Structure formats: structure tokens, C-alpha cells
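The values are calculated or read from the model by the stated rules, or taken from the named source; none is laboratory data. Computed from a predicted structure; not experimentally measured. With ideal geometry, Cβ positions are generated from the backbone for all residues, glycine too; neighbour counts draw on all protein chains shown. Only protein heavy atoms, including side chains, enter the accessible area calculation; ligands, DNA and RNA are left aside. Shrake-Rupley method; radii C 1.70, N 1.55, O 1.52, S 1.80 Å.
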There are 2 protein chains.
Amino acid sequence: MSQSPHKPVKLGIIGLGPRGATLTATLLQMPETARIAAICDCDGERLEKMRRHLAENGIVAETYRDSAELLASPEVDAVLVPTSWNAHLPLAIAAVRAGKPVAMEVGGATGCEELWELVRQAENNRANAMMLENCCYGRQELLVLNMVRKGLFGEILHCECGYCHHITPEMVGPDGPLTERGWHNLRRNGDLYPTHGIGPIAKILDINRGNRFVTLSSVSSKARSMELAAGGKCRFNCGDVTTTVLKCANGETVTMIHSVAPPQPYSRRGLVQGTRGIWSEDRKGIFVEGLSVSKNLTDVAGNPYVEHVWDPVESFYDKFDHPIWRDFRDHPTGGHGGMDTLALRAFCSAVAGESDYPIDVYDTAVWMSLTALSEQSVALGGMPVPVPDFTCGKWVTRGPAKPGYWSL
Amino acid sequence: MSQSPHKPVKLGIIGLGPRGATLTATLLQMPETARIAAICDCDGERLEKMRRHLAENGIVAETYRDSAELLASPEVDAVLVPTSWNAHLPLAIAAVRAGKPVAMEVGGATGCEELWELVRQAENNRANAMMLENCCYGRQELLVLNMVRKGLFGEILHCECGYCHHITPEMVGPDGPLTERGWHNLRRNGDLYPTHGIGPIAKILDINRGNRFVTLSSVSSKARSMELAAGGKCRFNCGDVTTTVLKCANGETVTMIHSVAPPQPYSRRGLVQGTRGIWSEDRKGIFVEGLSVSKNLTDVAGNPYVEHVWDPVESFYDKFDHPIWRDFRDHPTGGHGGMDTLALRAFCSAVAGESDYPIDVYDTAVWMSLTALSEQSVALGGMPVPVPDFTCGKWVTRGPAKPGYWSL
């Protein structure tokens, strides 16, 4: 099994803000995989700036102010949507309705209605909607996925994940919110950014393929840090730390943390625990029964006890690196340590018909739903709320993804 | 302020099992603080064995088969209860009813009724009931408490804690449960052992002194590891991992993890996060805004971002070690890295009237209640349940503990 050499996929990009710029920078480094065929932004100045930037790199792209026109262009095979949060779903729905496969940037939904519409339109028009969840292609996440699939951790019991990243300075200024994300944090309260954490964990737990999330409960702490950044001029609704607990149909639990307001070192808080092994991102360690060291010791009164010892995560790469990273590790290119490159290659491979979508519309829908459900549970004082089954029962008999280079 | 030299407190010990043996070993190293005046066990052989062991160490202790007789002895100033779990509360209630202050070993309650009885009897008989929560005197926990009280972390927002310790081999044999704890795990489902984690965190959050836990919700994973240890001969009810989320009156959240079945390195999962700083036990780090390093970097598209860097926990001991550990660190003695010694010294100092109880009956009651409430919430599918206010409103006006050597 190897990475197949399809023709470059002709991409249309809707939304040329900061994330559009990072993705474009990455795409320019992978001309064998994709060509930027069309770009669209409602801001004419931003559109022209990107057109010139692409021309300087030898690329002539169609330009559109209206996304509907880009979606109608025969030059466009598939669409990227790195817009502001509220525009992700309407644009993705429009894309699949136009029969174009779409890769959406990460984010959460505001309710489940728009997700059902995405699922129905994707099914009816046979155009998939893939969340461009780059963290699914992180080296560490893929290492752990690989080890879990090989059975090294035994039966999986519990996972943790999250997004702990101090981004208040980018979102809030001395007079209040600076960006759309700042406004979301001003008004909403819940896990507004679940997918970097839950994406890789959902794959490890076979969500939508023999398993599913059944209930979710969320509790938010008080909100302080953004108010401090705004000099007390406005009160933010979003708690500084939101903790969400999910229960799966097969009995696993998942804890998910959202913490973007207070100052702290970055972490995605990854943890996967099974009956024979455990990975902890924060502990930078993996323990596997039989492979790792267990010492027999005695306490002050002579009672025996066992001390299990972490092995460094790095010590497992040599033997258990995922095949994707085994190929990629010597020359990683593109944004976010190469994860953007891999996610884009996976999407283009699926658009070219070489492989299944490693993250499909059901995954996209359920991951995005967690934001809306988290808001609901927080509002209800932490009451568990049911997670919709966007597969309408298909998860019961759906098996593992078809083996393929980009499969997760 | 320093450690005062009171007369040795005359202790009665009820329960001479493994934990009784560890505590005795520690007490024999602190004759200036306490003298073992009486011992009690319903097992005559165990009683005689301990009597001889004490005699070999030059200590003549009264011996009792019946705890009521020990409680009536004028030779006993105060009582330790390191019995099996189900006996902690009946014996502690009997002790305070007899007017003897009691230090109970850690554990959780099976319901709130017996906790109310403990509180009422302690109040009516002016005898306190202190949980002997040694982890409150852990060096790292006291360092963080000290830093929080000095305001280095800003306003506290969120904490995490837990008990992750692979003790299945001590609890379960090839035919099923080996110990009382094994039987509890066979029949009950929830956080059966919350206090090593929540004790230090409750002190940091000023619980019962201007703050309190308001709600709790718990979710348990499937139960597998103990069944595996028993060769599939019996099904255990207690999920391998129980995750509990608490909300405080002042808006802080706490996540608490109980995981004693699957193999894993030991961790109490400590984390304290405020508006200016964060401690992570697993990350072995502390970040304090202004003290720790924050790097200004740019991503692949030239967008600026900040990277905050952990400092090793050890780097803070020199400046912020708690006064108790500043005195103790050069010659720590006793069980569990010296924590047992410190908890016993604190109890004896309070019995001698030198200081307030650093962990009082209200703390003991609310910490123990979390087990019963966790079971209830798990049974209700993760529904939030209310946490009782054992102070009956006194928490609203109760200020910080009176400053004293052993205060927490």
C-alpha cells in the first residue's frame, strides 16, 4: 500500500483570511497533489492580494466575490472552506448541494439542524464533506492509533483530549472582542473548539463504525481571563475552562477540555487508556504491560507494591510509527508541523477517487455537533444530553474503513 | 510561627490491618509527638502480634477486642481509625460521641446519612473528626497551595485531581475479590477513593471557608480489567475509569478521576489553573505569567503566535516551598514519603489544643460524600446531583483557617 499518484486536484478556496493564507502556503508546496484553480472572498481587496500572490508563484486562478459562482465553475473539482466559523456550514452545504466535495476548516456547530442538512445534501448529491482536521494526522496521534489497532493497549476504556491554548491576546483587545472568535467567546458558553482533540480520539474509538457517542455533559468554569484582557469593559459568557464528558455506545468514556482564555502552555491533553496500556501526551509517555518496566517494591511497613514506569513516546516511533509518518518523517513540509499537508493530501486522494474519505460527513457532523450540545448541557447545569446518530443506524453494521494509504 | 512542642498525645488505634501497621511504623518514629496508649482489633491474634511488636519497641499499650472499651479508657486522648472501609464511619461516630477526637483513614461514604450523624455528634460533643488525608501534606501539593495563597496563579478557575493507581493485583485473584476493597469494586460503581485527589484541591479552593461544592456529575467507563484478573469468573460493577466533574459556589470547576483497575503508572493527576498560572503534576511543570518564559514566534504564513513554556516544578521549591516542608525536607521520615508523619503531627497538634484542625469534620464529611454522590450520578446516567452543605450555611461567613503551623 502506498501513496498513489493521482492527477493534481483542481481546488476552489472560499475564504482568504488567516487560515486561507496558511492553507494556501501549504498548497503551494504540494503542486503534485493539488492546483489552486479558483479563489473567492467577499472582500475584493483580499481577493486581489491573493490573486497577485498566486500569480507571483506562477498560478492563474479564477477569482470570485460570490461563492455560488465559484461552486458553478467547471474548473473546480473540490472546495476548501477556511472561512469564519458561522460560514463553514452554509458554504459546505452549498458545495455538496452543487455536487462538489468539500473540505471544511475545523469548528463547532451552533445547532444540529444545519448538520442534518449537511448530511442529507451530502448523501443525496453523492458529494462528501470532510472536516480538514489536521490533528488526525499528527505524528503522535497516528502512532497511538497504530498501536491501538495493533492491540497493544488492549481493549480501550477511557480517553481524554482537549484544546488548551492561550489565544486571548489574538481575540480580545483593550476594548473587547477583536475577531469573530472573540465575539463567539463573548456570547456563547461551552466547548467552542472540540475537533482538534476529539477528531483523533473518535478515530481511535471507531466512532460511526461500530461505536458512537451516546451522551454528553458539559460544565464551564467562571469566565475571567478575557474580561481581564478587555480591562473589565465587557463580561464574556464563555467559561475559561469547559469540561465535557462523553459516553460511548460500547462503554468507553471521553473527557474533553476547552481552555483558550487563561495563559498556559499549549496542550491537546491527549490520553488513551486500555486494559493493557496507556498513552499520556502531558506525561510524554506510553506504558504497555509486558513491554514497559514494572518494579516490585515494598513500603515502610514491608507491604509489597508495584511501580509501573512510563517509556518516552519517542521510544516507540522506531517500531510503531504509522506508515503515513514513516514515509513523511524525513521531509515534513507545510503548516502545523506537516499535519496540514497530510490532511490536504488525504482529501485530494479521496476526491481523485483513489481512497475513501478518512473523515466523512458523518464524522464531520458528529464532531461539530459537540459544540452545540456542550452549550446546551452547560445551560442546563451539566445535564447529560443525547448525541444524535447522524448515520441513522448505519454505525451498527458499518465496519472499519476500507484499508488505504490515508485511512484512519 | 513554628512547630510547637506539646506533650506526646496518647493515641488509641482501632484496626491493626495493613494500614494500621504502616501508621504504627510511622508513629514509632515520632515519640516526641505521640504515644500509642491503646490498640484494638477484633482479631485476637493480630492484636497480640501488635502488642508484642510494640513491647519490643519499649511500648506498653492497653489491648482491646471491643472498640467501645478502648473509647472509654481514660488513657486515650484521641483515636486513629485505620480499619476496613465500612467501619470508618461507625467507629468515628462512636469516638466523637465518646468525646474523643478522631483521625480517620481515607475512604468514601456509602450515603450522606452517616455523614450527617458524624457532623452532629462532633458538634454536640465538641470532638473533631479529621480525615487523615496525608496527600494534603505532600510537598508538591503544599508548594502549590503556598503559591496559590500568595496570588501567583491569579484567581483560580479550574482544578483536576484523581487517583490513578494499578491495584488490581492486590484486590483481585484468580477466583475473584481478595480484599474488602475488591468486594467494593465488585458491587459498587463510582469514584470509590476520591480524597487523595480532592483533599488538597478542596484546601486550595477554600471549600467550607467561603466556597463549597455545589453539584457533582460522574460517568464510569465499562468495567473490564478486574474481570480479566479474575479470569472472567466474575463481573465487576465498578467502571475501570470514573470521571467526576464538580462545580463550586464561586464558579470553579474540578475534574476528578478514579482509575484503579487497568495497569498504569501512578498519578494523582493534579492540575490547578488560574488567571495567571497553572500547575500540572503530569507535565511536572508550573507556568506563571511574568515569571516563566513566553516566546514570540511566527507560523508558516507569517502569522504571529506566542509559545508559553513550562518550568520544572522543582525550580520553585527553593523560593516557594511551604514552611512545613522547608523545615521537614532535609529529614523526611515515615510512610508515603513523609506525608503520614506530617498528617499525624498536624492531628496531634490540634488534639493538644495548639492549633485548629487543618481538616475538620466538615471537610471530612464533604470529601467522603463525593463517593456516595458519584455512585448516585453514575446510576442516573451522569445526571448532576447536589452536594450537601454540611456546615449548614456556616461556609458563607467562615473565613480562612486561623494562621498556624499546620494550617492548610
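Residue A:174 - would you say it is within 12 Å of chain B (Cβ to nearest Cβ), of a type outside the set (Lys, Arg), touching a residue at least 12 places away in the same chain (Cβ under 8 Å) and open to solvent by 30 Å² or more (accessible area, probe 1.4 Å)? For residue A:174, the condition - within 12 Å of chain B (Cβ to nearest Cβ), of a type outside the set (Lys, Arg), touching a residue at least 12 places away in the same chain (Cβ under 8 Å) and open to solvent by 30 Å² or more (accessible area, probe 1.4 Å) - is not met. For the stretch B:254-270, the candidate set comprises residues that are in a loop (DSSP other than H, G, I, E, B) and within 19 Å of residue B:205 (Cβ to Cβ); within that set, the residue that is least open to solvent (accessible area, probe 1.4 Å) is B:270. Condition check: modelled with pLDDT of 95 or more, part of a loop (DSSP other than H, G, I, E, B), within 23 Å of residue B:273 (Cβ to Cβ) and not charged (D, E, K, R). Does residue A:154 satisfy that? No. If the condition is being in contact (Cβ under 8 Å) with a residue 40 or more places away in the chain and facing chain B (nearest Cβ under 7 Å), then the stretch A:275-288 contributes A:275, A:276, A:278. Scanning the stretch A:14-34 for residues that are away from every other protein chain (no Cβ under 14 Å) and surrounded by fewer than 16 Cβ atoms within 10 Å (Cβ to Cβ) yields a count of 2. The single condition among (1) surrounded by fewer than 18 Cβ atoms within 10 Å (Cβ to Cβ); (2) touching a Pro at 6+ places or on another chain (Cβ under 7 Å) that residue B:337 does not meet is (2).
Would you tally the residues in the stretch A:35-59 being assigned to a helix (DSSP H, G or I) and open to solvent by less than 10 Å² (accessible area, probe 1.4 Å)?
Count: 1.
Could you please find all residues in the stretch B:184-199 being open to solvent by 10 Å² or more (accessible area, probe 1.4 Å) and touching a helix residue (DSSP H, G or I) at 6+ places or on another chain (Cβ under 7 Å)? Within the stretch B:184-199, B:184, B:188, B:189, B:196 meet the criteria.
Of a type in the set (A, V, I, L, M, F, W, C), free of Cβ contacts under 8 Å to residues at least 24 places away in the same chain and facing chain B (nearest Cβ under 10 Å) - does that describe any residue in the stretch A:304-315?
From the stretch A:304-315, those of a type in the set (A, V, I, L, M, F, W, C) are A:306, A:309-310, A:313; that's our starting set.
Imposing the further condition that a residue be free of Cβ contacts under 8 Å to residues at least 24 places away in the same chain reduces the set to A:306, A:309.
Next, only the ones that are facing chain B (nearest Cβ under 10 Å) stay: A:306, A:309.
Checked the stretch A:304-315: at least one residue is of a type in the set (A, V, I, L, M, F, W, C), free of Cβ contacts under 8 Å to residues at least 24 places away in the same chain and facing chain B (nearest Cβ under 10 Å).
For residue A:319, the conditions (1) in a helix (DSSP H, G or I); (2) in contact (Cβ under 8 Å) with a residue 24 or more places away in the chain all hold with the exception of (2).
Looking at B:119, B:81, which one is in contact (Cβ under 8 Å) with a residue 24 or more places away in the chain and closer than 30 Å to residue B:327 by Cβ? So that I can check it myself, show each step before the final result.
On the way: B:119 fails: closer than 30 Å to residue B:327 by Cβ.
The match here is B:81.
Selection of the stretch A:198-241 for residues being under 20 Å from residue B:381 (Cα atoms), polar (S, T, N, Q) and facing chain B (nearest Cβ under 8 Å) yields A:215, A:217, A:220.
For the stretch B:291-303, give me each residue that is under 14 Å from residue A:265 (Cα atoms) and either at the interface with another protein chain (Cβ under 9 Å from one of its Cβ atoms) or under 23 Å from the mean Cα position of the chain (by Cα) (or both). B:292, B:294 - these are the residues of the stretch B:291-303 that are under 14 Å from residue A:265 (Cα atoms) and either at the interface with another protein chain (Cβ under 9 Å from one of its Cβ atoms) or under 23 Å from the mean Cα position of the chain (by Cα) (or both).
Being open to solvent by 50 Å² or more (accessible area, probe 1.4 Å) and aliphatic (A, V, I, L, M) is the filter here; which residues of the stretch B:273-291 pass it? Outline the logic, then answer.
Of the residues in the stretch B:273-291, the ones open to solvent by 50 Å² or more (accessible area, probe 1.4 Å) are B:276, B:283-284, B:289-291.
Within the stretch B:273-291, B:291 is the sole residue that qualifies.
Within the stretch A:349-365, is even one residue open to solvent by 10 Å² or more (accessible area, probe 1.4 Å), among the small types (Gly, Ala, Ser) and within 14 Å of chain B (Cβ to nearest Cβ)? No, that holds for no residue. Within the stretch A:367-374, is there a residue that is surrounded by fewer than 19 Cβ atoms within 10 Å (Cβ to Cβ) and either part of a helix (DSSP H, G or I) or touching a Lys or Arg at 6+ places or on another chain (Cβ under 8 Å) (or both)? No, the stretch A:367-374 contains no residue that is surrounded by fewer than 19 Cβ atoms within 10 Å (Cβ to Cβ) and either part of a helix (DSSP H, G or I) or touching a Lys or Arg at 6+ places or on another chain (Cβ under 8 Å) (or both).
Within the stretch A:84-100, the set of residues being more than 17 Å from the chain's Cα centre (by Cα) and open to solvent by less than 20 Å² (accessible area, probe 1.4 Å) comprises A:93, A:95, A:96.
Quick check on my filter: what residues within the stretch B:40-55 are under 28 Å from the mean Cα position of the chain (by Cα) and of a type in the set (Gly, Ala, Ser)? Result: no residue meets the conditions.
Table: residues versus (1) touching a residue at least 40 places away in the same chain (Cβ under 8 Å); (2) in contact with a helix residue (DSSP H, G or I) (Cβ under 6 Å, 6 or more places away or on another chain); (3) over 15 Å from residue B:349 (Cα atoms).
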| position | (1), (2), (3) |
| --- | --- |
| B:7 | yes, no, no |
| B:14 | yes, yes, yes |
| B:18 | no, no, yes |
| B:32 | no, no, no |
| B:41 | no, yes, yes |
| B:44 | no, no, yes |
| B:63 | no, yes, yes |
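Looking at (1) touching a residue at least 60 places away in the same chain (Cβ under 8 Å); (2) within 23 Å of residue B:27 (Cα to Cα); (3) out of contact with any Lys or Arg (no Cβ under 8 Å at 6 or more places or on another chain), which is the only condition residue B:352 fails? Residue B:352 satisfies all of (1) touching a residue at least 60 places away in the same chain (Cβ under 8 Å); (2) within 23 Å of residue B:27 (Cα to Cα); (3) out of contact with any Lys or Arg (no Cβ under 8 Å at 6 or more places or on another chain) except (3). Would you confirm, using the coordinates I've provided, whether residue A:330 is away from every other protein chain (no Cβ under 14 Å), over 29 Å from residue A:76 (Cβ atoms), assigned to a loop (DSSP other than H, G, I, E, B) and over 19 Å from the mean Cα position of the chain (by Cα)? Here the answer is yes, as residue A:330 does meet what is asked.
Screening A:11, A:70 for residues that are assigned to a helix (DSSP H, G or I), modelled with pLDDT of 95 or more and open to solvent by less than 30 Å² (accessible area, probe 1.4 Å) leaves exactly one candidate, A:70. Here residue B:294 does not fit the description of being open to solvent by less than 20 Å² (accessible area, probe 1.4 Å) and among the polar types (S, T, N, Q).
Here residue B:322 meets the list (1) open to solvent by 50 Å² or more (accessible area, probe 1.4 Å); (2) more than 11 Å from every other protein chain (Cβ to nearest Cβ) almost entirely, failing just condition (1).
Among the residues of the stretch B:297-316, the ones that are open to solvent by 30 Å² or more (accessible area, probe 1.4 Å) and in a strand (DSSP E or B) come to 8 in all. When the stretch A:118-140 is filtered for residues that are charged (D, E, K, R) and open to solvent by less than 20 Å² (accessible area, probe 1.4 Å), only A:133 remains. Which one is farthest from the other protein chains (Cβ to nearest Cβ) among residues in the stretch A:256-274 that are touching a helix residue (DSSP H, G or I) at 6+ places or on another chain (Cβ under 6 Å) and within 16 Å of residue B:271 (Cα to Cα)? Filtering the stretch A:256-274 for residues that are touching a helix residue (DSSP H, G or I) at 6+ places or on another chain (Cβ under 6 Å) and within 16 Å of residue B:271 (Cα to Cα), the one farthest from the other protein chains (Cβ to nearest Cβ) comes out as A:268. Taking residue B:177 as the residue in question, decide whether it is over 24 Å from residue A:271 (Cβ atoms), in contact with a His (Cβ under 9 Å, 6 or more places away or on another chain) and either at pLDDT below 95 or not aliphatic (A, V, I, L, M) (or both). Yes, satisfied.
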